[in-house]
Amino acid sequence: MAADLRDENKRLHRAGQTVGAQAAARVVSVLCLLVQTPLLLRHFGTENFGWLMAVTSFVGLSQYIDLGSAIALQQQLSVAWGTGDSERLSQVYAGGRRLLGRLAAAWLLPGLVLGLVLGPRTIPSPGGILEIWSWVALVLSVLVGLRYSAGPRLAAAIQSGWLAAGWTAVANLLALGAVAMGASLNAPKGFFVAAIASSQVLPGILTELQLRRRFEWARKPMSNDAVCASSATIWAEGLHYAVPNLAGAALQMSTPAIFAHWGGYTATAAYSVLLRLYGLAVQGQAMVLAPLWPAYAEAEAKGNRAWVRRTFAISLAITAACMLAICACAGLLPWITSYWLGASSPAIGAPFAWLISLWCCVTVANQALSYLLLGLGELKRIARGVGVAHLATLGLMAAGGHYYGAIGVAAGLTCGAALLATPQFVACTARVLAPDKGSTAQ
């Protein structure tokens, strides 16, 4: 009993440390994004700002095109850390780094072909310029982000996510400085794409370098057989998440383009502004709850399902507070944008703003459930179903856009998440937390 209580206190202390450090770093990052938005709007105007946001949103593909390997890597790292198996931790980390590096190399040629051929046709520049270097910078950023995603996964698994958050703050400060310099020098669009993309890629590189300097086992030489075996295990486990990852990539990739197609770049600009505003609550929730994923895995490895249930209840209360904050932002939107963006603010109708706010509320709800299911190793049970939901959401967005324009796209996005994906998360969570599931050790 005493040992379990000490474990619980240590687990909460580590999670609390991570949340506190992440909060300070996230404040810096958010302030940089808030300052960057009106600066870009004034420099580019609404149309070009919408194009820039549509293009740079593709950088997030680095977390999807790993075919689920990064999720499997973090899960296995969390279990090894929770059980105190340093040898296994070293093997998993080495295997994950090798696998992600090979995936990045494998994506290089198809990525360049897709970026240079389909990119300019799908999201053409408002000025009619081909912007080849913008797409090259984007593709390389995505692949570098994939290659160096092992570092942040390791930091999260050992409940030191504050390292990645700190480097994210540094990267956003550098990106803000680069954007300000580019605006003063009237730099080409490719420069701004590279500057914004670097803020999402650089933290992974710096986090991995710091962890390898900090932990001797992270740079410990491993036999080739051990590394290959670990890579194969991660790959096999990651394939459970491949379908939702690819479907999620398709959804993220297509959303800005669908808004641009049915509502023009003005709609994409409005969508991007709302994401940055509502994202304060979404990122705040992720900042608090992300450290619980490895904590859930550790508690599950030690058979303490009661702690999991108590902590999950707290996470739901935090999620409800974030949803209220998003709704408050939607209600105060005219006042906020007038002070934040001034005359450069794109026109944002109230129905559009409320639909995107509802989608963000659904997103934070699903996020809270997914952290629990990932920590308990249960998300793979609904992985394919969630992937199908993502693809069906794309169909709803296209249909809504065809008949109702940008407001129809927003309605399709929201309905797809709320009616197709959320019920699967809820049903799986209810099964996992049923009284007869798992251990009830106190």
In the set Arg98, Arg147, which member is basic (Lys, Arg) and in contact with a Cys (Cβ under 9 Å, 6 or more places away or on another chain)? Arg98
What is the residue count in the range 102-151 for residues that are more than 20 Å from Ala195 (Cα to Cα) and exposed (fewer than 15 other Cβ atoms within 10 Å of the Cβ)? 12
Condition check: modelled with pLDDT of 95 or more, more than 24 Å from the chain's Cα centre (by Cα) and farther than 20 Å from Cys428 by Cα. Does Pro346 satisfy that? no
Only one of these is farther than 25 Å from Tyr64 by Cβ and either among the hydrophobic types (A, V, I, L, M, F, W, C) or touching a strand residue (DSSP E or B) at 6+ places or on another chain (Cβ under 6 Å) (or both): Ala226, Ala194, Ala137. Name it. Ala226
Any hit, the range 277-287, residues being aromatic (Phe, Trp, Tyr), surrounded by fewer than 24 Cβ atoms within 10 Å (Cβ to Cβ) and either at pLDDT 90 or above or on the phi > 0 side of the Ramachandran plot (or both): no
Quick check: is even one residue across the range 15-27 closer than 29 Å to Thr233 by Cβ, in a helix (DSSP H, G or I) and at pLDDT 80 or above? no
Would you point out the residue of the range 316-343, among those that are of a type in the set (S, T, N, Q) and either over 18 Å from the mean Cα position of the chain (by Cα) or not in a helix (DSSP H, G or I) (or both), that is farthest from Ala410 (Cα to Cα)? Ser338
Selection within the range 172-193 - farther than 16 Å from Thr37 by Cα and touching a residue at least 24 places away in the same chain (Cβ under 8 Å): Pro188, Gly190
Being under 19 Å from Pro256 (Cα atoms) and assigned to a helix (DSSP H, G or I), is that true of even one residue in the range 73-92? no
Which condition breaks for Ala301 when tested against (1) surrounded by fewer than 21 Cβ atoms within 10 Å (Cβ to Cβ); (2) modelled with pLDDT of 85 or more? (2)
How about the range 344-442: which helices (runs of 4 or more DSSP H) wholly inside it have at least 2 residues that are touching a residue at least 60 places away in the same chain (Cβ under 8 Å) and more than 19 Å from Gly264 (Cα to Cα)? 350-375, 383-404, 422-432
Residue in the range 392-414 that is surrounded by the most Cβ atoms within 10 Å (Cβ to Cβ), counting only those that are of a type in the set (A, V, I, L, M) and farther than 17 Å from Val362 by Cβ: Ala406
So, in the range 194-233, how many residues would count as being surrounded by 19 or more Cβ atoms within 10 Å (Cβ to Cβ) and without any contact (Cβ under 8 Å) to a residue 24 or more places away in the chain? 1
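The values are calculated or read from the model by the stated rules, or taken from the named source; none is laboratory data. Remember, predicted model here, so these are calculated numbers, not experimental data. Neighbour counts run over all protein chains shown; Cβ positions are idealised from the backbone, glycine included.
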